[in-house]
1. Which condition number does Thr511 fail, the rest of (1) open to solvent by 20 Å² or more (accessible area, probe 1.4 Å); (2) in contact (Cβ under 8 Å) with a residue 12 or more places away in the chain; (3) not in a helix (DSSP H, G or I) being met?
2. Look through Ser327, Ser307, Ser311 and report the one residue that is touching a helix residue (DSSP H, G or I) at 6+ places or on another chain (Cβ under 6 Å) and farther than 14 Å from Val194 by Cα.
3. Hey, among the residues in segment 26-37 that are part of a loop (DSSP other than H, G, I, E, B) and either within 22 Å of Lys385 (Cβ to Cβ) or open to solvent by less than 10 Å² (accessible area, probe 1.4 Å) (or both), which one's modelled with the highest pLDDT?
4. Can you find a residue in segment 474-491 that is in a loop (DSSP other than H, G, I, E, B), more than 28 Å from the chain's Cα centre (by Cα) and hydrophobic (A, V, I, L, M, F, W, C)?
5. Taking segment 473-494 only, how many residues are open to solvent by 20 Å² or more (accessible area, probe 1.4 Å) and in contact with a Pro (Cβ under 7 Å, 6 or more places away or on another chain)?
6. Filter segment 454-467 down to the residues that are in contact (Cβ under 8 Å) with a residue 24 or more places away in the chain and outside any loop (DSSP other than H, G, I, E, B) and list them by number.
7. Of all residues in segment 83-118, how many are closer than 21 Å to Phe73 by Cβ and part of a helix (DSSP H, G or I)?
8. Please verify whether segment 265-288 includes one or more residues that are open to solvent by 60 Å² or more (accessible area, probe 1.4 Å), at pLDDT 85 or above and not in a loop (DSSP other than H, G, I, E, B).
Amino acid sequence: MLISSFINGYKSYNKAYFVPITIGLHDKYTVYIGNNGVGKSGILEAIDVFFNNREWNVYKGAKKDDVYISPVFLINKKEFNARFENHNRFNRAEINEFQKTIADLTKISDYIWGNLDGIVRGSSRREHIDKFFEMKRKLEDRYKEDYYLLVIGVKSNGKTTLNPFQGYLGKLIEESEKRMDKIRKMILLHYSYVYISVEQRANDILKIEAEQMQKLMSRDVLELVDKIIEQPLNIEGRNINFLSYINQNLDKFMDEINEKIKCIDTRYDYGVSANYKKRLTRTDLRDKILEAYFLKKSLRHNQREISKLSSGEQRKALVDIAYAFLSNFNQKEKEIVLAIDEPEVSLNVANCFAQFTRIEDLANKFNSQIIITTHWYGFLPITTKGQLIHLEKSIDNLKINQYSFFNYLDNQRSFPEDVELKSMFDLATSILSYIKTNETHSNWIICEGGDDKIYLDTILPENKEYRILPVGGCGNVVKLFNLLLNPLLIDKKERKEFKGKILCIIDTDETKMNYKFENLKDMPISLRRLQVFKSNNEEVIKLLDVAKQGTIYEKTEIEDCLDPQIYYNSIKTVILSSQDSNIIDLFNNFELNREKKFSKISGDDSLLLPNGNEAYRRKNELVSFLEKPEIKMLVAKEYSQESQSTNITHALAIEIIDYFEESMITVS
């Protein structure tokens, strides 16, 4: 996996920088944001130089000898070694050579993992070096044993380098230049980097024979054609390949022609001019097949050539086709890294939400490494997994800040103010535009977190087709609600064009919040809070309108509104697999309260009954463990799995369905 890169002297990178991409293998989605000219596209282009020999764009004033681009890789040893021991792919001589190169790679990786940090000292220990070692220390415990850590790059003269550690690592192997080059070639055989720039025409990329398309398909059409041409055929009892068969028959035909014309004059002859080949070659046939078959086949959408579509439609087509290939091919020839520069360019704002959701799915559902740059910040509140990297340029330096989408709420205070504001505004604009321009009704549920979305996806029937959108906390739900509501309050035309409804759901927190909204009658959007309470001695769940607070107010979150048996089984599975002996022993001192209708754990009226005073006294330890964000997510996933084998109608699902099926008065 590509986890970072050193860039020195490329485009706007006037000195050596350590540019993070991800941290570990669990985050395969990386987004770079920042103002124009800050160097976002330069990162993607620099990596393209390393992988695909893109033309160099050296920083003005940089010394060419000092310029380099060195990506940093975290490579699964078992998978990498197995690829180059495959006898179906390589011959014995190639495999033997690969094994020697893997020995060199192992030596370099072991030195980076173990020795390098303690040796690089003094003036060599600059900021970009410190940041690399900081990343390395975060990776050591989890990956050191089973993964190669490799820094390898290219200089502006095309030569392979181990910069910025060339002076330390180059000494580890003899004939280092030649053997480093072999390591780089193996890396290029293991990975494919597909870069889609803003400037590149979609029609050029989407041709089947185009290089980027070949990499996305993970099959080389040239190799496919060559294989067909060389495939042995049984013709007239002989095993002969197609190329030889054609040449033999054409030779025979030409011999007959020459014999006939020589009957007139022996000096006539159909021959081959000097310096020209006498027979057809594999390349001749391949080129003609490409010309006659593939070059006449272009991608179409709704019977229209891609080149005839608008710029925005073409941009959407790029992501659609990439999604089609990367989401459906389980066996990939290489590890694919897809990099897209500004996927929102020329898109109608209504399509931005769907475009970014699809791109994120490629990483988080289909396990492809995706790197993008963007100026559309609407994705920020809705992305739950990956790395966000903000670039900010001062007069003589580039500040690079890295955040995890998993704990986005914890980090958002350190964002520049315009980023946070723009993210919610962009998202609201995209949702409103989508609902107004979509031909069919579109019902949306805005919820707090990714675990909420998992539960809602699980309990709601599939045929209802709700768009469920987690936005990272109660505060963001309320902000988005206000941004969506205001245009509807101001302009009746907006309400007339609204095709669908929006339900914003928040928890009922311990601290009572006062929300004041006016003129919300018959609005296609509502902000409601979850509430479990007793009515006539029976537990019920309601979605209460926050504008009508009433007297019922008790802390409630979605985990309190589930099926008690399934939820108990889910937390039991997660706790027992946690390997936390203290929590496991504590949990074993509780049993399921079978009289509970719902799944609330905190408080005395709980799903969990303590066996003894010690368990009762320590119950908050168990509650605190289950409230950890990573544990909540694991329990939600387990609940979803457990629910697949049941046929239960959840009370919360009924409340939600009832809201969407309520009729509204048409705005005149």
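The values are calculated or read from the model by the stated rules, or taken from the named source; none is laboratory data. These numbers come from a predicted model, not from an experiment. So basically every Cβ, Gly included, is an ideal-geometry build from the backbone, and we count neighbours across all protein chains shown. Just the protein is used for accessible areas: all its heavy atoms, side chains included, with ligands, DNA and RNA removed. Shrake-Rupley method; radii C 1.70, N 1.55, O 1.52, S 1.80 Å.
1. Of the numbered conditions (1) open to solvent by 20 Å² or more (accessible area, probe 1.4 Å); (2) in contact (Cβ under 8 Å) with a residue 12 or more places away in the chain; (3) not in a helix (DSSP H, G or I), the odd one out for Thr511 is (2).
2. Numbers: Ser327 fails: touching a helix residue (DSSP H, G or I) at 6+ places or on another chain (Cβ under 6 Å); Ser311 fails: touching a helix residue (DSSP H, G or I) at 6+ places or on another chain (Cβ under 6 Å).
Residue meeting the stated conditions: Ser307.
3. Start the filter on segment 26-37 by keeping residues that are part of a loop (DSSP other than H, G, I, E, B), which leaves 26-28, 34-37.
From what is left, the residues that are either within 22 Å of Lys385 (Cβ to Cβ) or open to solvent by less than 10 Å² (accessible area, probe 1.4 Å) (or both) are 26-28, 34.
Numbers: His26: 88, Asp27: 92, Lys28: 95, Gly34: 92.
Only one residue tops the list, namely Lys28.
4. First, the residues of segment 474-491 that are in a loop (DSSP other than H, G, I, E, B): 491.
The next check asks that each one be more than 28 Å from the chain's Cα centre (by Cα); those that pass are 491.
Among the residues that remain, those that are also hydrophobic (A, V, I, L, M, F, W, C) are: none.
Checking segment 474-491: not a single residue is in a loop (DSSP other than H, G, I, E, B), more than 28 Å from the chain's Cα centre (by Cα) and hydrophobic (A, V, I, L, M, F, W, C).
5. Going through segment 473-494 one residue at a time, the tally reaches 1.
6. Taking segment 454-467 as the starting set, the residues that turn out to be in contact (Cβ under 8 Å) with a residue 24 or more places away in the chain are 454-461, 464, 466-467.
Correct list: Ile454, Tyr455, Leu456, Asp457, Thr458, Ile459, Lys464, Arg467.
7. 21
8. The answer is no; no qualifying residue exists.
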